[in-house]
1. Determine whether Arg286 is of a type in the set (D, E, K, R), modelled with pLDDT under 70 and assigned to a helix (DSSP H, G or I).
2. Quickly run through segment 505-523 and pick out the residues that are charged (D, E, K, R), surrounded by fewer than 17 Cβ atoms within 10 Å (Cβ to Cβ) and outside any helix (DSSP H, G or I).
3. Those residues that are closer than 10 Å to Ala385 by Cβ and within 26 Å of the chain's Cα centre (by Cα), I need them from segment 507-527; list them, please.
4. Is it true that some residue in segment 481-490 is surrounded by 15 or more Cβ atoms within 10 Å (Cβ to Cβ), within 26 Å of the chain's Cα centre (by Cα), in the same structural domain as Asp390 (by TED's automatic domain parsing) and at pLDDT 90 or above?
5. Of all residues in segment 16-29, which are at pLDDT 75 or above, in contact with a helix residue (DSSP H, G or I) (Cβ under 9 Å, 6 or more places away or on another chain) and part of a helix (DSSP H, G or I)?
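The values are calculated or read from the model by the stated rules, or taken from the named source; none is laboratory data. Worth saying up front: this structure is predicted, and the values here are computed from it rather than measured. Note that we place each Cβ from the backbone using ideal geometry, even for glycine, and neighbour counts take in every protein chain shown.
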Amino acid sequence: MSEKTPFEIARETLKQITLRKLPPTPVNYQAIYHAVAGLPQVELFPEEHLRRIAQALPARNPGQEKQLGLLDYAISQRNWLGVQNALLGYSGFAVPSGVPHPAAPEPLSADAPSMMPQVLEQVARLIEFAQPAFGGEDTRFHERMQQTLQALRDPETSVIRVRSLLADFNHRLSFAAEEQSEIRLALFKLLQLIIKNIGELSPDDAWLQGQINALQAAAQPPLTLRRLDEVEHQLKDVIFKQTEAKGRAIEAQESLRQMLAAFITRLSQVTASSSDYQEKMEDSLRDLEQAKTLEDIGPVLRGLIRATRDMRLETVNVGEELQSMRAQVQAKEAELRKLQAELERLSAQVRHDGLTGALNRQGLDEAFVRELSTVRRKDAPLCVALLDIDNFKRLNDARGHETGDVALQHLVAVAKENLRPQDTLARYGGEEFVILLPETGLEQAMEVMIRLQRELSKRFFLARPKQGVKTESGGEVASADQEKIFITFSAGVAQLTVDETAEQALHRADQAMYLAKRAGKNRVVAA
């Protein structure tokens, strides 16, 4: 058989493409050409080879993990530029020399293939659970999500197909997550702007500022439902009391308005009486000028005496009425001042944590500003301690959130008994508390926290166990019984330096507290 010329091979290639009804793409042309010529196939885009390389690359940090996802997506799209960019991005997240590499993964067990459907189902459920967080505006994103879910739950779908869909979905998910994060941040900023505008529209209402500050503090990320619930209940209680006090203030203002109207009316009556008296005096003077005898003067004098007596009585009555009005006005002014003070006192309550009575974040910020100004003016030290109750989540899970709340209240009560009047205690969030120790050096502050730990270890609180909790003998604890519970805390203490901000000092105290946890808990570590 004679060897075909390139022209004949090309003609046969075009004929085969037409007979097979294939699109005349370069990839199809090359594949048919090599088949007709009897040449080995050359893969234009080595997808399988690239996937094996991608699988061999380790993900030692989140940056590399994201770039590997982009690489997988680029391979599925047969995009050389995307592959190049992903590999360059992966190299940019390389682990520095000297950092130990993670141990090689252990081989899969023999029952791993049988577990694969369960794993895929868990992945599908994870995607479904995350779906509400991304809304329903991006139809393309939700189409890819449904395709991925269908492939994960279809046992006939190939692994390559599932992997390709997951890579594409993960790529889109990363952008959707970033967009949702930006939307949340924009909403936070918009809410802060609205709250600030409300405060600026009512600059004279000092009682309103406490609520505004509480809302601003609550609107700071990170946002938690527990934190919002606390602020909501606290504000509802304060708003109810403020509504009552505001109503009484409005009533007092209305009474003042009515008294002022009565005063103006009475003043006009006095003015009219004075005019009548003036006219009578002028008439009497004319009569006196015309009188010729004593008999003519007598009636004029009697009229003058009567008019003068009436004027005197009128003046006395007006004076008494004005004195009475003055006393009433003074009483109403005193009531208004009292109501205003009550409104401001109620407003100040939003600076305190509703559960424990300690200061909240807003109150802590104000206390920090005040203490920093004082100690720097005096050139005195200031220490900040950040403490966290040990095993608090375990306590909540084992005995319920009510017991957890009692534990927080117990800690605050013991702390207030053992701290100095000038010290400040604030709930920082969850089971974390901050203590400001003005005019206190680091060693002395450490002693204060250790002493508080010892005092807390001597005290217990009673709590009703969670229903269904087993005793040591195996039976259930009766719901009416109460248990003695001890709690401990780990703390970090930092002394503020000359140019250090409150946030920086708190960060150092937080790091020290973390070391205390790592060291075995129930410890105090200096930053």
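1. Numbers: of a type in the set (D, E, K, R): yes; modelled with pLDDT under 70: no; assigned to a helix (DSSP H, G or I): yes.
No: the conditions fail for Arg286.
2. Correct list: Lys521 only.
3. Hits for segment 507-527 are Ala509, Ala512, Met513.
4. Taking every residue of segment 481-490 in turn, at least one turns out to be surrounded by 15 or more Cβ atoms within 10 Å (Cβ to Cβ), within 26 Å of the chain's Cα centre (by Cα), in the same structural domain as Asp390 (by TED's automatic domain parsing) and at pLDDT 90 or above.
5. Hits for segment 16-29 are Gln16, Ile17, Tyr29.
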